[in-house]
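First the structure, in the form of structure tokens, and then the observations on it.
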Amino acid sequence: MTAFASDGTALAAHPVLPRKAGIIETIGATPLVALDRLFPPARFQVYAKCERFNPGGSIKDRAASSMIEHALRTGRLVPGVSTVVESTSGNLGIALAQLCNFYRLGLICVVDPRTTTQNAAIMRAYGARVESVGRDPATGEYLPARIDRVRRLLDSVPHAYWPNQYANEHNARAHHATMREICQALPGGPDYLFVAAGTCGTLRGCAEYISGHGLGTSVVAVDAAGSAIFGPPEPWERRYERMIPGHGAAVVPPLLQPGLADRVVKVADADCVRGCRRLLAHESILAGGSSGAVVSALHDAASWIEPGATCVAVLPDGGDRYLDTIYDDQWVQAFFPELAPDIQHTQYPTH
Ligand code: PMP
């Protein structure tokens, strides 16, 4: 039997990855769940692709395995010798930490103070070194400071390798498989695909699969209000300081290409929280912030989606990594007092 890497390349012939075995084998093949309680199917049908079922807990397992396995296959990474260096604060760091442990590679994650102590602890538990940087003195931003530290580490750490998730095509290629799985479950593909955008790896990989297979699926990219991915923020977005990590970016990712998305929807943090709380209240799904954004975008799309359409919403991670924010009533009340009714909605009497 031929084994395949996450980007679809056959692994069998390669000496470094003779076969895919162990926990890494369980990346992908995530379940597609009907959200009939939240979106009554009489109007249009919504399915959720639940990426929290990946072994590292998020969609970034796919991107991490695709990038690392490509570097192993091409000899750029050597087990027992190389160290991976990446700027990442959350899901990719955890995904890389598991993979680097599995393939016996070193890992240094460059983070900033917004990284939760729990996420950093998970990375360390897998054996990663976590280095936190402050703001860049010139711009006051974290991102340039993180990239600067990555570059210094590449100069000083022997056999260091930077996957550079924002520009690495193997990040995007991982999601040919994501879309292939969706099409295996829904032959011909859904009418609409709702996907959150950060590095744009998911967006690009799914869109490439759709155009490459001549499918009629319309791609809806879900971005954060205040993000710069699809152009400078509009005046109404400028008052938002983005608090919910995952989707959105302060720069235009090199992976983004014109025409990948048929439509872009921008969602404010309050609506992410509302979407998460609704998903929990109606579907008993504890999901992360970008999943809430996708659900919120779907609610708004009810005005333009034609009756009888089939939609797939990619839910990138679970809610366990957001217990101190999105699922903390006091945090929500402090930052989004307008959401009080949604909070009550998720509270049921205990007998
Ligand atoms: N949601 C979450 C929770 C994420 O961690 C990410 C990755 N940063 C995204 C959405 C965006 O995915 P992508 O990087 O593939 O655009």
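No lab work stands behind these numbers, since they all come straight from the coordinates. Keep in mind that this is a model prediction, so the values were computed, not measured. Ideal geometry is used to build each Cβ from the backbone, glycine not excepted, and the neighbour counts take in all protein chains shown.
Residue by residue, what Karplus-based ³J(HN,Hα) values in Hz, rounded to whole numbers, does segment 265-276 have, using 6.51, -1.76 and 1.60 with θ = phi - 60° and x for Gly and Pro?
Residue by residue, segment 265-276 yields 10, 9, 10, 6, 3, 4, 6, 4, 5, 4, x, 4 Hz.
Tell me, what ³J(HN,Hα) does each residue in segment 192-199 have, in order and in whole Hz, if you take phi through Karplus 6.51 cos²θ - 1.76 cosθ + 1.60 with θ = phi - 60° and put x for Gly and Pro?
9, 10, 9, 9, 6, 10, x, 6
Among P233, L203, G216, whose Cα projects farthest towards the positive end of the dipole of segment 148-236, with charges put on the beta-carbon of Lys, Arg (+1) and Asp, Glu (-1)?
Checking the options against the dipole of segment 148-236, the answer is L203.
Just to check I understand the Karplus step: with θ = phi - 60° and J = 6.51 cos²θ - 1.76 cosθ + 1.60, what whole-Hz values come out for segment 21-32, glycine and proline as x?
Result, ordered by residue: 9, x, 4, 5, 4, 8, 6, x, 6, 7, x, 10 Hz.
What does the helix-only formula give at 222 nm for the chain: each DSSP H stretch with n ≥ 4 adding -39500 (n - 2.57), the total divided by the residues, and the result rounded to the nearest 500 deg cm²/dmol? Each step should come with its number before you reach the end.
Numbers: 10 runs with 119 residues, N = 351.
For the chain, the value works out to -10500 deg cm²/dmol.
Express the Stokes-Einstein translational diffusion coefficient of the chain in µm² s⁻¹, to the nearest whole number, given a Kirkwood radius over alpha-carbon pairs, 25 °C and a viscosity of 0.890 mPa s.
Values: Rh = 20.7 Å.
Value of D from the Cα-based Kirkwood radius: 119 µm²/s.
When the Kirkwood radius is taken over all Cα pairs of segment 63-122, what Stokes-Einstein diffusion coefficient follows at 25 °C and 0.890 mPa s, in µm²/s?
On the way: Rh = 11.7 Å.
The calculation lands on 210 µm²/s.
What's the extension gain from E131 to A34 if we count 0.36 nm per residue and subtract their Cα-Cα distance?
The span from E131 to A34 would gain 30.9 nm if fully extended.
Order these by the 10 Å Cβ neighbour count, fewest first: W331, W236, W304. Each step should come with its number before you reach the end.
Details: W331 16, W236 11, W304 8.
With the fewest neighbours first, W331, W236, W304 line up as W304, W236, W331.
Out of residues 5 or more away from V46 or on other chains, whose amide H comes under 5 Å of its own, with H placed 1.01 Å from N in the peptide plane?
Hits under the 5 Å cutoff: L35, C311.
Taking the Cβ of K60 as the center, what net charge do the other residues with Cβ under 9 Å away carry, scoring Lys and Arg +1 and Asp and Glu -1?
On the way: positive: R62; negative: E51, D61, D317.
Charge balance near K60 sits at -2.
So for L32, L315, L107, fewest C-beta neighbours within 10 Å to most, what's the order?
Numbers: L32 15, L315 28, L107 23.
Ordered by Cβ neighbours within 10 Å, fewest first: L32, L107, L315.
Quick one: what does P(r) look like for segment 229-346 with 5 Å bins over all Cα pairs, in whole %?
Whole-percent P(r) values from 0 Å outward: 2, 10, 20, 23, 20, 15, 8, 3, 0.
Looking at the chain only, what percent of DSSP beta bridges run antiparallel? Nearest 5 please. Please report the intermediate quantities before stating the final value.
Working: 6 of 36 bridges.
Around 15 percent antiparallel, to the nearest 5.
Please state the charge dipole magnitude for segment 207-351, taken about the Cα centre, from unit charges on C-beta atoms (+1 on K and R, -1 on D and E), reported in debye and rounded to the nearest 20.
Working: 9 positive and 18 negative charges, 27 e Å.
That gives segment 207-351 a dipole magnitude of about 120 debye.
Using packing as a proxy for protection, rank 22-30, 288-296, 158-166 so that the peptide with the highest average count of other Cβ atoms within 10 Å comes first. Walk me through the numbers before you get to the answer.
On the way: 22-30: 16.1, 288-296: 29.9, 158-166: 17.8.
Ranking, from highest mean packing down: 288-296, 158-166, 22-30.
Using amide H atoms built in the peptide plane, which far-off residues or other-chain residues are under 5 Å from G288 H to H?
D317, G318, G319
S218's amide H: which non-local residues (gap 5+, or another chain) put their own amide H closer than 5 Å, with H modeled 1.01 Å from N in plane and none for Pro or chain starts?
Y192, L193
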